[in-house]
Structure formats: structure tokens, C-alpha cells
Amino acid sequence: MNKKNINDADWKVRVDLAAMFRLTHMMGWDDTVWNHITARAPGTDHTFFMHQMGLLYEEVKASNLIKVDEEGKVLEGPSDVNTAGFIIHSAVHLNHPNNKFVFHAHPPKALAATALKDGIPYLVQDSSMLYGKVGYHDWEGLSVDKDERFRIAENLGDNKVLVMRNHGLLTVGTTAGEAFMNMYYAVRMCEIAVQAQGSGLKLETASKELWSKSQKQYDAFAPGTNEWPALLRRCDAKDPSYKD
């Protein structure tokens, strides 16, 4: 797409979304051409941007994102749509309109934790930011069945993180920065859980009251507010072509 043919509001969302792809690659959370990040198109209910199937994350830029509707029909860009990406992300965009950015990944550091039968424990201060904001969705095989969308939406609920058991992580946010930092802390929570439990040593889990107190304290530092401008500077320094 040519920038001249895109309105300013759409272009800003495209740039933020492209930055998320580039940052995901920098963090080592990408998986060649697989997984997906999407953003709702401004002023629409069910239309969203996603990346073209087959592109590496470091190849994604504002101009080569595609726009699809709630049925997966391509409105702008090439017709190469990741079916699983459409199913997973439309589940959120159709049912949770406040979540404008949806981030699904299989981060290597976090993947093992999705198989923990009793869920992922809260063990360190960084995890408390997500306390009470994590839902779980049982594995149903590859996400290619449209009916799964209802269960994904229900299991996400008002949470900011959805652990897709035996599969991967899903995070959401009203902004790119919020969705990205929710993933950042979700990955850290998973990594710490596997490391700590793997030690075989007795763990200090702290009280529910303390986890709740810490989570409320984190409300003063909304995820993405301070980090996102800095992360964009990192993108600019590394490769500003994401803005093309």
C-alpha cells in the first residue's frame, strides 16, 4: 500500500503494529513466519490489520500490512491470510472491542510453562503486575475451527493474558505498548516459573493479599506508557524501515 492512499489514523496504527513485529523479532519471540499480531482499524468494529502470510517479522512494515474484515475477507493488500491467525484474533476483535491490539506468540522461554497442569504460579514481583489478569484456554489442536473463537473470547474475559495450554500465549491491550508489555511480563512470569520449579527447591509463594497489593501498586505504572516511546527509539536505531 502507498502511504498517500491511507488516512493518518490508519497509518499510525500500522506503524505501531509494524514496530511490534520488529520488536518481537528483536526479543527472540518470533517463529519464522508463524504466529501473529493484529490491530483494530480505527473507527471500525470488526476490521483489523495483520501481516501477510509468509513474511518474516523483520520484513513487516506499515505499508505491507493487510486489512481484513470479520469474515477474513481481505479489504486492503494481498490475499495471503494466516487462517489460524484470523481465528484467534477475530475471537478478540469481535467480542472484546476495548482490546485494540492482540498479540499471539510462542516465545521459546515461555512455551514450556503452558504445559504446567496447575497453571503458572506467581513467584516474583514482576509477575504481580498480571495478578488476577491471566485466563486459560485448553488446547483444541490447530486453531482453524471458527467455533473455537467463542471459547477463546470467553476464556479471555476481562483478562490481559490468555495462556493457551500446550500452545502459546495471547496478550491484549488498548495500545500497542500495553499489549507488548503484557507479553513481556507474561514471558517473564513463565520463564521464572519453569526455572524456579526446575530447581527442586522449596519456593516462597507469598500471600494472596500481598500479590493483590502489589498488583494495585502497579496500576500507577500502566504497561506501555513509559516503555513504548523507548521501544520505538530502539526500532528507529535498529532499522527504521518499519515505518515505510
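For the stretch 41-63, state whether one or more residues are without any contact (Cβ under 8 Å) to a residue 12 or more places away in the chain and of a type in the set (Lys, Arg).
no
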Check: In the stretch 140-154, is there at least one residue being out of contact with any His (no Cβ under 8 Å at 6 or more places or on another chain), more than 15 Å from ILE87 (Cα to Cα) and without any contact (Cβ under 8 Å) to a residue 60 or more places away in the chain?
Finding: no
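Yes/no matrix, rows are residues, columns are (1) surrounded by fewer than 18 Cβ atoms within 10 Å (Cβ to Cβ); (2) farther than 13 Å from GLU191 by Cβ:
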| site | (1), (2) |
| --- | --- |
| ALA91 | no, yes |
| LEU111 | no, no |
| THR114 | no, no |
| GLY119 | yes, yes |
| GLN125 | yes, yes |
| GLY132 | yes, yes |
| TYR136 | yes, yes |
| GLU140 | yes, yes |
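For (1) open to solvent by less than 70 Å² (accessible area, probe 1.4 Å); (2) more than 11 Å from the chain's Cα centre (by Cα); (3) in contact (Cβ under 8 Å) with a residue 60 or more places away in the chain, each residue gets a yes or a no:
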| residue | (1), (2), (3) |
| --- | --- |
| LEU156 | yes, yes, yes |
| VAL172 | yes, no, yes |
| GLU178 | yes, no, yes |
| ARG188 | no, yes, yes |
| GLN195 | no, yes, no |
| LYS208 | no, yes, no |
| LYS213 | no, yes, no |
| LYS216 | no, yes, no |
| THR225 | no, yes, no |
From the option list ASP10, ASP45, ASP16, single residue qualifying as of a type outside the set (Lys, Arg), in a loop (DSSP other than H, G, I, E, B) and either open to solvent by 70 Å² or more (accessible area, probe 1.4 Å) or out of contact with any His (no Cβ under 7 Å at 6 or more places or on another chain) (or both) is ASP45
**OP:** Answer yes or no as to whether ILE37 is crowded, with 22+ Cβ neighbours inside 10 Å and within 19 Å of LYS100 (Cβ to Cβ).
**Re:** yes
Taking the stretch 74-96 and keeping residues among the hydroxyl-bearing types (Ser, Thr, Tyr) and touching a Lys or Arg at 6+ places or on another chain (Cβ under 7 Å) leaves SER90
*Is at least one residue of the stretch 68-82 open to solvent by less than 20 Å² (accessible area, probe 1.4 Å), part of a helix (DSSP H, G or I) and at pLDDT 85 or above?*
no
Checked against (1) surrounded by 18 or more Cβ atoms within 10 Å (Cβ to Cβ); (2) more than 26 Å from ASP147 (Cα to Cα); (3) among the hydroxyl-bearing types (Ser, Thr, Tyr), THR32 satisfies every condition except (1)
Selection from the stretch 56-67 of residues open to solvent by 10 Å² or more (accessible area, probe 1.4 Å) and touching a helix residue (DSSP H, G or I) at 6+ places or on another chain (Cβ under 7 Å) yields GLU58, LYS61, SER63
Return yes or no: is ALA237 part of a helix (DSSP H, G or I), more than 20 Å from the chain's Cα centre (by Cα) and at pLDDT 95 or above? yes
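The values are calculated or read from the model by the stated rules, or taken from the named source; none is laboratory data. Everything numeric here is computed off the predicted structure, so don't read it as measured data. Because the Cβ atoms are built from the backbone with ideal geometry, glycine has one as well, and the counts that use them run over all protein chains shown. The accessibility values were calculated without ligands, DNA or RNA, using every heavy atom of the protein model including side chains. Shrake-Rupley method; radii C 1.70, N 1.55, O 1.52, S 1.80 Å.
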